[in-house]
Amino acid sequence: MEINEKTRWDRKHSERLHSSFDPNTFLVTAYDEFVSSKPPGVALDLAGGAGRHAIWLAERGWHVKLVDISEVGLRQAEENARQRTITGSIVTKVQDLNTEKDLGREQYDLVVVFSFLQRELFPALRMSLKPGGHLIYKTYTMDQLNFNSGPRNPVFLLQPNELLHAFSSMRVLHYHETIHEKGVAELIARK
Ligand SMILES: C[S@@+](CC[C@H](N)C(=O)[O-])C[C@H]1O[C@@H](n2cnc3c(N)ncnc32)[C@H](O)[C@@H]1O
């Protein structure tokens, strides 16, 4: 029997009940350098799973929309948020981004995407940002195939410079590809 994407991710999130909720260090450094001087606003955490980034932002006063295909992941995020001191807010939405690609127009001051790739969403991501809003994006590249973990399917792996070109109509403040130990690309761009 073929297992659909939602079931697969629900299972993965169920198995990760005790995983770390620390944010990716790139979010912390990117935020400190480029975003922290602005007052907290409205943010989108795309495919944010158990919410480690949404929670980190909400602890800093942001009002975060957390979307993901997995209800299990989003329930974990809600539970975890209840144990933290949230000064902003988090709303969760179950959304299959393969079929429901609308992210709204000029709604967000900040969009964060970590370890998720759906190329067809690039235009929607740009559109969802307010003018002056920031995009912080980090995910795997084809170079990850040289290592033993991470996605194997090229559909989920960026080509060299792909993220840079995808958001070149915005002001790219930082772009970096790592090829040692991990194959990842990092981007910070302002609309
Ligand atoms: C590797 S996890 C990353 C989660 C989170 N961004 C983080 O860094 O902690 C990938 C996430 O993408 C979600 N996902 C996978 N396919 C999706 C889809 N079609 N629509 C929405 N979310 C999806 C999964 O449920 C999972 O939470």
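Every read-out reported here was derived from the displayed coordinates using simple, explicitly stated rules and does not represent laboratory data. Every value quoted in this text rests on a predicted model; they were computed, and no experiment measured them. Here the Cβ is made from the backbone with ideal geometry for all residues, glycine too, and neighbour counts use every protein chain on show.
Structure notes:
- Flag for F34 being closer than 30 Å to R171 by Cβ, surrounded by 13 or more Cβ atoms within 10 Å (Cβ to Cβ), of a type in the set (F, W, Y) and more than 14 Å from the chain's Cα centre (by Cα): yes
- Taking first residues from the stretch 158-177 that are under 14 Å from A30 (Cβ atoms) and partners that are among the hydrophobic types (A, V, I, L, M, F, W, C) and not in a strand (DSSP E or B), the Cβ contacts under 6 Å between residues at least 6 apart in sequence or on separate chains come to L173/F34; Y175/L164.
- Note on the stretch 80-94: residues that are surrounded by fewer than 19 Cβ atoms within 10 Å (Cβ to Cβ) and either within 15 Å of the ligand (Cβ to nearest atom) or of a type in the set (S, T, N, Q) (or both) amount to 7.
- Residue count, the stretch 55-77 (criterion: among the acidic types (D, E) and away from the ligand (no atom under 14 Å from the Cβ)): 1
- If you check N4, N24, N98 for being within 12 Å of the ligand (Cβ to nearest atom), of a type in the set (S, T, N, Q) and under 29 Å from G132 (Cβ atoms), only one passes: N24.
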